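A short reminder: the numbers here are calculations on the coordinates, not readings from a lab. All of these numbers come straight from a predicted model, not from anything done at the bench. Virtual Cβ from ideal backbone geometry, glycine too; neighbours counted across all protein chains shown.
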Amino acid sequence: MNLKIAIVTDIHHGKDAEAKKGGSALRLMADFAAFVSQEKPDLVLDLGDRISDEDPETDVILEREVNAAFEPIRAVCPVHHLCGNHDRDFLSVAQNEEILGQSLTHQILDAGGWRIVLWRADTRIQRPDGFQCPKSDIAWLANAIAEADRPLLVASHVPVSGHSQIGNYYFQRNPGSSTYPQHAELVRDVLRASKVPTLCLAGHVHWNTVTTIDGIPHLTQQSLTESFVMSPENGAGEACGAFGLLNLNAETIDWQVFGADAFRAVIPVEQTARRWYRPLAGFDDVPGHIERIERIATFQAQSKAAE
Ligand SMILES: [Fe+2]
C-alpha cells in the first residue's frame, strides 16, 4: 500500500511583490504539470492562496487563469483544492467553487491505507481583526479524528502548530497572522486526542518546516513563487519553484520538496501515534520541587562563598 501525493501551495498568481514573484506563477505551474505527468501521483493537493488578491473583478480573472493551469494536471489525476486567505479577501467560497468546479467544504478521502482529511476551515482574514477558526470547523475536525480507524493526513491552508516565526520574512513581526488564535486548542485538545498515526500539512507561511507536537509532525511547504529564501548570490528575485511529493505507506512518511528551496523529511509512521501522558504540574506544585531548589541554591551560595 502506498499513497503518492503531489503538493503545490501559495501559487500567488498576480503581480510581482517584493518577495512573491507572482508573475512567474503560470510558467511554474507548467513545470508542476510536467512534474505531475512524470510522477503520476494518486492525487494532487493545492493548499490555497492561488492568487495575490487585487479586487473582486481582477481576482476572478486571476483564479480562472490558475484554474486553467490545473486543467492538464486534472487529466493525470484528481486535484483537490483548499482556499487560502488571498482566495477569500474579495471572493466567496462559492465563487471559488464555481471557478474550480468542485465543492470546497470539509472532505474525507480514503486511499492507500491512509485517510486524507481536507480540513477546509475558514481562511478569510476578518479585517482588521485577523483569522478566526469557527467552533463548527473545530468540531468537524474533532469528529473526524474521533472516527479515524487508519492513519490520518490532515491538510489545511493555515498551519495549526503555532510554530516559531522567528526569521520568517512575513511573520516574524506578525506572528498572530501565521496561525489561528485557536491553535493551542487545536493541538492540545483536538489533535492530541488522535489514537492513530497523524500527520498535518499546511501552506501559508512560505517556508519548509517540520514541527513535532505530541508526536504529530506538522509540515509546512514553501510557496511555488516565493523568493525571500534566495540570497543575492543565489539569484535573489527568482521564484524558488517549490512543489512537493509526499509518499505515504504503512511504515514511512517521505516528504520531499523540489525547486531552489529543496527539503526532505522521512518520518516513521509508528512514532506519529505517540502522545505524551498528562502534562506535569507547574514546577512549584511538583512534590519536593521547592525543597530541591532550595538545596541547590544553598549549595551554589556556599560554593560561591568558598571561591
Ligand atoms: Fe495564506
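Ordering W276, G288, V257 by the projection of their Cα atoms onto the charge dipole of the range 254-307, which places +1 on the Cβ of Lys and Arg and -1 on the Cβ of Asp and Glu, puts W276 at the extreme positive end.
Do you know the relative contact order of the chain, to the nearest whole percent, from alpha carbon pairs under 8 angstrom that are 6+ apart?
On the way: 634 pairs, mean separation 55.1, N = 307.
Worked out over the chain, it gives 18 percent.
Between the C-alpha center of the range 143-192 and that of the range 89-133 there is a gap of 15 Å. For the chain, with equal point scatterers placed on the C-alpha atoms only and solvent neglected, what are the log10 I(q)/I(0) values from the Debye formula at q = 0.06, 0.15 1/Å, to two decimals? The calculated log intensity ratios at q = 0.06, 0.15 Å⁻¹ are -0.23, -1.17. Counting beta carbons within 10 Å around each of H80, H204, H218 and listing the fewest first gives the order H80, H218, H204. Each residue, F90 and S37, gets one label point 7 Å from its Cα in the Cβ direction; the gap between the two is 3.2 nm. Among Y170, Y180, Y277, a tally of other beta-carbon atoms within 10 Å of each Cβ gives an order, fewest to most, of Y277, Y170, Y180. Quick check: Cα centre of the range 257-279 to Cα centre of the range 41-69, how many Å? Cα centroid to Cα centroid, the span is 28 Å.
Once the Cβ-Cβ distance between N143 and A305 is put in as r, and R0 is 51 Å, what FRET efficiency do you end up with, to the nearest 0.05? Provide the component values of the computation, followed by the final result.
Numbers: r = 62 Å, r/R0 = 1.21.
E(calc), rounded to 0.05, equals 0.25.
In percent, what relative contact order does the range 23-167 have, based on Cα pairs under 8 Å that are 6 or more apart in sequence?
On the way: 185 pairs, mean separation 31.1, N = 145.
Relative CO of the range 23-167 lands at 21 percent.
Straight-distance candidates among the lysines for linking to K135, with alpha-carbon spacing under 26 Å and chain neighbours fewer than 8 residues away dropped: K195.
Under 8 Å for C-alpha pairs, at least 6 residues apart: give me the relative contact order for the range 247-288, rounded to a whole percent. If you can, show how the numbers build up before the last one.
Values: 31 pairs, mean separation 11.5, N = 42.
Taking the mean separation of contacting Cα pairs over the length of the range 247-288, I get 27 percent.
Put a dot 7 Å past the Cα of Q102, heading toward its Cβ, do the same for R150, and the two dots end up 1.8 nm apart. For the listed peptides 26-32, 107-113, a ranking on the average number of other beta carbons within 10 Å per residue, highest first, reads 26-32, 107-113. Placing +1 on the Cβ of every Lys and Arg and -1 on the Cβ of every Asp and Glu, with nothing else charged, gives the range 2-276 a dipole about its Cα centre of roughly 760 debye. Counting 0.36 nm for each residue step from L280 to A68 and taking away their Cα separation leaves a gain of 71.0 nm. Each label was represented as a point 7 Å from its Cα along the Cα-to-Cβ direction; for I166 and Q132 these points are 3.2 nm apart.
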